[in-house]
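The block underneath contains the structure these notes are about, expressed in structure tokens.
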Amino acid sequence: MQMISKIKDFIGAMALAAVCATSYAPEATAETITLERAYELAHANSPQIEAQGYARDAAQAQVSEAKYYWAPKFALKSQFGPMPKSKDIRSSENDIWDNFFDSWGFTTRNSLEFWLPLFTSTKVYQTHQLAKIGLEVEELRVQNEILNVEYDVARAYYGLQLATAAADVVAEAEKYVDQVETQYRKLLESGSESVKDTDQYRIDIAKANVYRLKNTIDAKRTYAEKALRVHTRLEGPFEIEAMDFDNAKEELQSQDEVLDLARANRGDLKLLDASVRAADKQAHIEWLNWWPDLVLVGEVYYKFSNAVPKLEEKNFYIKDSYNGRGFGLGFMIKWDLDPVRQVFKVRQADAKAERTRAQRELAISGIELEVTEQYQNTATALANIAITYQSRRSAKRFLTKALFDYEAGDGDVGDMISALTTFIEQRSMYLQALHDYRIALVKLQKVTGVATADTLLKQ
């Protein structure tokens, strides 16, 4: 019994120690993520950027393949097959079939061939240059994907900031509703004539509206948080910086300056330039196919057959076709002559090059139009911040005045709820204006191709 009691005491002590350890275990602190840190995580972890990186690696492999085309090429060939043995002049055809297994042998030939390009009329060089253009294109696409990912990350980050700030507005609205309800009960108990039978209904409706708004904000916050994790691969709890309210002081560069930045940095324009150069290079390669190639070829071979006896005497005129070994080395001119096909292949390549050049001119106009439109949207969003800031201040004063009048018994719940609704709307509009401007600025960064959004602002 004493042993059982000791065991129980020991188990109880261990359980108490586990509870104490759990109680005093340090809680995991949530990391504060800045937008720049979110960009860094996205650059390192985004599947979208990673996928485009593999395309770049494939283009790099094509460049290396074209570079080493001059390396010798080898081919190993081996042949084996049955062969009837050479018969004595005194034997007949029937003797072969009468002694089937003794009348058949085999023959084999094995060879190692190689060829080395010596002169290709610069086709190898031009192909190497074309592969380099392809690598340049993939590099530009990687940069475009980075801008696309940064835009998605910024939208999620700013959306999370907006939801957090809006939650503060809702919390403030709840306090005002509670304050109104508390004052209503005081006036009701004092028998104030300003109290109406419908006041409680109005307060209940205001509570429900605030509750619905809170649920909507919580849902948007959850969505924005998950969206931010898509590219950053963030795990566990994290926090973000509070919304910055100083954007109204920023000033955009002029539209002409932003267009100049787009012409110098827009990835699509660089892609179009690369496409034109690639089309011209491809047309030139098709024209070079008219010309021959000079190749060094060689062969080392071994052949044997037990169906044919070896020739004892060999010279320049007599050669054993079934037994022997040797090697050969020489020059070969490779000239693919197909005039009809080649003429039209060159014409097709020239036409594609001209079409690419025309598409580039059209795309340039469209890109400049896109940049102009987004610049105007960003400028409008920036102007809206100042406008909504003033209306937000007026709504705050309106709410303060209505609350003061209601507490003094000069107002009613209807006026108070109306002022509170206006305040919530204007506060929300102000936060939305800040959010919309930041998103518009990041999108303007995307369509211009600049590295940071600060480049678009006057310093």
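The values are calculated or read from the model by the stated rules, or taken from the named source; none is laboratory data. On a predicted model such as this, the values are computed, not experimentally measured, just so you know. Heads up, the Cβs are rebuilt from the backbone with ideal geometry, glycines too, and the neighbour counts pull from every protein chain shown. Areas reflect the complete protein model, heavy atoms only, side chains present, ligands, DNA and RNA absent. Shrake-Rupley method; radii C 1.70, N 1.55, O 1.52, S 1.80 Å.
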* Whole-angstrom gap from the stretch 384-428 to the stretch 175-247, using each part's C-alpha centre -> 15
* Asked: So what does the Cα-only Debye profile of the stretch 270-340 read at q = 0.12, 0.21 Å⁻¹, as log10 I(q)/I(0), no solvent term?
  -> -0.63, -0.96
* Where the accessible area of the stretch 244-323 is counted over protein heavy atoms with a 1.4 Å probe, how much of it, in %, is carbon and sulfur? -> 55
* Structure fact -> In degrees, nearest 10, the alpha-carbon axis of helix 123-190 is tilted away from the dominant principal axis of the alpha carbons of the chain by 20
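Hand me the GluC sites (Glu not before Pro) from the stretch 181-214 located in a DSSP loop with no more than 12 other Cβ atoms within 10 Å, in residue order please. Show your work: numbers first, answer last.
On the way: sites: Glu181, Glu189, Glu193; in loops: Glu193.
Answer in residue order: Glu193.
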* Rounded FRET efficiency, nearest 0.05, which uses the C-beta distance separating Ser78 from Leu311 and R0 of 22 Å -> 0.45
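Using a Förster distance of 35 Å, how high is the FRET efficiency between Leu362 and Glu250, based on the Cβ-Cβ distance and rounded to 0.05? Write out the running numbers ahead of the final one.
Values: r = 34 Å, r/R0 = 0.97.
The calculated FRET efficiency here is 0.55.
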* **On Cα atoms only, tilt of 47-67 relative to the major axis of the chain in degrees** => 20
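Nearest 5 percent is fine: what portion of the DSSP beta bridges confined to the chain is antiparallel?
Working: 36 of 39 bridges.
Around 90 percent antiparallel, to the nearest 5.
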* **Of Ala279, Thr448, Tyr39, farthest towards positive along the dipole that unit charges on Lys, Arg, Asp, Glu beta carbons give the chain** => Ala279
* Residues of type aspartates and glutamates that Lys303 reaches as a straight line, Cα spacing below 14 Å, ignoring anything fewer than 8 places off in the same chain -> Asp320
* **Label-point separation in nm, Thr108 to Gln348, each point 7 Å along Cα→Cβ** => 4.5
* **Net charge of neighbours whose Cβ lies under 11 Å from the Cβ of Met429, counting Lys and Arg as +1 and Asp and Glu as -1** => 0
* Structure fact -> Helix 339-407 sits off the longest principal axis of the Cα atoms of the chain, rounded to the nearest 10 on a 0 to 90 degree scale, by 10
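Based on Cα coordinates alone, diagonalise the gyration tensor for the stretch 311-394, multiply each eigenvalue by 5, take square roots, and list the semi-axes in whole Å, largest first.
Working: eigenvalues 1241, 98, 11 Å².
Over the Cα atoms of the stretch 311-394, the ellipsoid semi-axes are 79, 22, 8 Å.
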* To do: With label points built 7 Å along Cα→Cβ from the Cα atoms of Asp260 and Ile205, find their separation and express it in nm.
  => 5.8
* **Per residue solvent-accessible surface (Å²) - the chain, probe of 1.4 Å** => 63
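Convert 20 °C to kelvin, take the viscosity as 1.002 mPa s, use the Kirkwood radius over C-alpha pairs of the stretch 194-276 as Rh, and evaluate the Stokes-Einstein diffusion coefficient in µm²/s, rounded to a whole number.
On the way: Rh = 19.0 Å.
In µm²/s, the coefficient is 113.
By the scheme Lys and Arg +1, Asp and Glu -1, what is the net charge of all other residues having a beta-carbon under 15 Å from that of Tyr69? It would help to have the intermediate numbers written out before the result.
Details: positive: Lys67, Lys73, Lys123, Lys132, Lys334; negative: Glu65, Asp293.
So the environment of Tyr69 carries a net charge of +3.
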* Cα-based equivalent ellipsoid of the chain: semi-axis lengths in Å, sorted from largest, via gyration tensor -> 82, 39, 18
